[in-house]
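Engineer: Just passing along the structure, written as structure tokens.
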Amino acid sequence: MKSFTWIYEHVSAHKAGEDIESLMPVVQPPKVLAGLADDRVLSEMSRRIFRAGLKHSLVDAKWPAFEEAFWGFAPQKIALMSDEQLENMMQNDRIIRHWGKIKAVRTNATMIVNYSEQHGSFAQMIAHWPTEDIVSLWAFLKKEGQQLGGRSAAYFLRQIGKDTFLLTDDVVAALKAQGVIDKAPTAKRDLALVQNAFNAWQQESGRPLAHISRLLSYTVGW
């Protein structure tokens, strides 16, 4: 496995003249992230779910209609929605009428309500989750929520500014090239190997996981 210094110098050599730092994802400080209201967390979580498999611009253009249809994504209200109310959403042609994803909004609202009671807010729980075990937060969201498997949990976290790496095709290819894994990591053991590699790079560099992930993706194809 190459050092972070090698990764950064490799990217710098191939992106000569570009401002590499401007290409880095935004990572919010825990204090800022903890201040997110539960309705904004649910909105971004739902937006990620509806974006999956669709053009982001299409979903984003419809998002004001989603905000209206789902009462501003207030978790306490949505958690109490009846099956009939959810079914009525399928008649709203201003939103994307995907039954599984619509149902997921209520399930995820219930998750947020339950864990907010324990932690003060859902964002506080996310903000204080240790990044050195970020894959366990992915697993938590997949288990406790709905439609948050695959890459969706990580993409949602990235949207709200939680520090996380992403397992994009380029990042997976780079991890293979670095000898960290030999196949796409889906098993718990392989995810642990990936987490350990990112932890080592983070300790060496002091960089957020998100920045290391982005830089690693740029090492592919050269």
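The values are calculated or read from the model by the stated rules, or taken from the named source; none is laboratory data. Remember, predicted model here, so these are calculated numbers, not experimental data. Backbone-built Cβ (ideal geometry, glycine too); neighbour counts: all protein chains shown. To get the accessible areas, we keep the full protein, side chains included, count just its heavy atoms, and leave off ligands, DNA and RNA. Shrake-Rupley method; radii C 1.70, N 1.55, O 1.52, S 1.80 Å.
Engineer: Could you work out the equivalent-ellipsoid semi-axes for segment 1-109, taking the square root of 5 times each eigenvalue of the Cα gyration tensor, largest first, in whole Å?
Structural biologist: So the equivalent ellipsoid measures 38, 17, 12 Å along its semi-axes.
Engineer: Can you figure out the FRET efficiency of residue 19 with residue 114, using R₀ = 45 Å and their beta-carbon distance, to the nearest 0.05?
Structural biologist: That pair, residue 19 with residue 114, gives E of 0.55.
Engineer: Normalising by the residue count of the chain, find the relative contact order in percent from Cα pairs under 8 Å and 6+ residues apart.
Structural biologist: Here the relative contact order equals 27 percent.
Engineer: Label residue 84 and residue 68 with points 7 Å out from Cα along Cα→Cβ: what is the distance between them in nm?
Structural biologist: 2.4 nm
Engineer: With a 10 Å cut-off between alpha carbons and a GNM built on the chain, which of 85, 146, 195 moves the most?
Structural biologist: Evaluated over the chain, the most mobile residue of the options is 85.
Engineer: Pop the C-beta distance of residue 183 and residue 2 into the FRET formula with R0 = 22 Å and round what comes out to the nearest 0.05.
Structural biologist: For R0 = 22 Å, the calculated efficiency reads 0.65.
Engineer: Express in whole angstrom the spacing between the alpha-carbon centres of segment 56-71 and segment 112-178.
Structural biologist: Taking the Cα centre of each part, segment 56-71 and segment 112-178 sit 23 Å apart.
Engineer: Loop only by DSSP, 12 or fewer other Cβ within 10 Å of the Cβ. Give me the trypsin sites (Lys or Arg not before Pro) in segment 41-87 that pass, ordered by residue number.
Structural biologist: Counting only loop positions with at most 12 other Cβ atoms within 10 Å, the trypsin sites (Lys or Arg not before Pro) in segment 41-87 are 55.
Engineer: How big is D for segment 122-175, in µm² s⁻¹ as a whole number, if Stokes-Einstein is applied with the Kirkwood radius of its Cα pairs at 37 °C and 0.692 mPa s?
Structural biologist: 284 µm²/s
Engineer: Taking springs between alpha-carbon atoms closer than 10 angstrom, which of 32, 171, 105 fluctuates most in the Gaussian network model of the chain?
Structural biologist: Evaluated over the chain, the most mobile residue of the options is 32.
Engineer: What part of the accessible area of segment 169-222, given as a whole %, is carbon or sulfur when the probe is 1.4 angstrom?
Structural biologist: It is 48 percent, rounded to a whole number.
Engineer: Filter the cross-link list 103/162; 15/188; 2/143 down to pairs whose alpha-carbon distance in this structure exceeds 28 Å.
Structural biologist: Distance filter (> 28 Å) returns 15/188; 2/143.
Engineer: Test of understanding: in a Gaussian network model of the chain with alpha carbons linked when under 10 Å, which of 205, 152, 43 would top the mean-square fluctuation ranking?
Structural biologist: 205
Engineer: Summing Lys, Arg as +1 and Asp, Glu as -1, what charge do residues with Cβ under 11 Å from the Cβ of residue 129 carry, residue 129 excluded?
Structural biologist: Overall, the nearby charge balance is -2.
Engineer: When every alpha-carbon pair in segment 55-172 is counted, what percent end up more than 20 Å apart?
Structural biologist: Considering segment 55-172, 47 percent of its Cα-Cα pairs are separated by more than 20 Å.
Engineer: Just to be sure I understand the curve: with the Debye formula and one point per C-alpha of the chain, what is log10 I(q)/I(0) at q = 0.16 Å⁻¹?
Structural biologist: -1.10
Engineer: Give the relative contact order (percent, whole number) for segment 68-113; include only Cα pairs under 8 Å separated by 6+ residues.
Structural biologist: Rounded, it is 51 percent for segment 68-113.
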